[in-house]
Amino acid sequence: MAARKKGAGLLMVWAEVPADKEAEFNRWYDEEHIGRLLAVPGFLGAGRYRALRGGPKYLAMYELEDH
């Protein structure tokens with residue numbers, strides 16, 4: 001089993017989404033955005049986090065091959 005390649009770059013995006021658009025945003029992110037983004041050369045991985053309190057509510061972190 002090959003080890004996962006570690007990238008030299010990191011892209012972080014914070015987002016606040018209006019409550020009435022949150023379900024649509026999450027569907028788009030999970031079903032469309034991640035697959036398309038990871039098909040772009042240089043993007044190695046992605047993770048998304050939700051704040052338990054405070055904000056912005058969402059943080060997405062993308063591991064990149066290089067900066």
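The table below lists the values:
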item: Checklist (1) surrounded by fewer than 10 Cβ atoms within 10 Å (Cβ to Cβ); (2) in contact (Cβ under 8 Å) with a residue 24 or more places away in the chain applied to L37, failing item; result: (1)
item: Test result for M12, out of contact with any Phe, Trp or Tyr (no Cβ under 7 Å at 6 or more places or on another chain), surrounded by 13 or more Cβ atoms within 10 Å (Cβ to Cβ) and touching a residue at least 40 places away in the same chain (Cβ under 8 Å); result: no
item: Any chance K21 is touching a residue at least 40 places away in the same chain (Cβ under 8 Å) and either on the phi < 0 side of the Ramachandran plot or hydrophobic (A, V, I, L, M, F, W, C) (or both); result: no
item: Residue list for the range 40-67, filter: touching a residue at least 40 places away in the same chain (Cβ under 8 Å), out of contact with any Gly (no Cβ under 9 Å at 6 or more places or on another chain) and of a type in the set (F, W, Y); result: Y58
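Each reported figure results from applying straightforward, stated rules to the coordinates on display, with no laboratory input. Keep in mind the model is a prediction, meaning the values are calculated, not measured. No Cβ is skipped: glycine too gets one built from the backbone with ideal geometry, and neighbour counts run over all protein chains shown.
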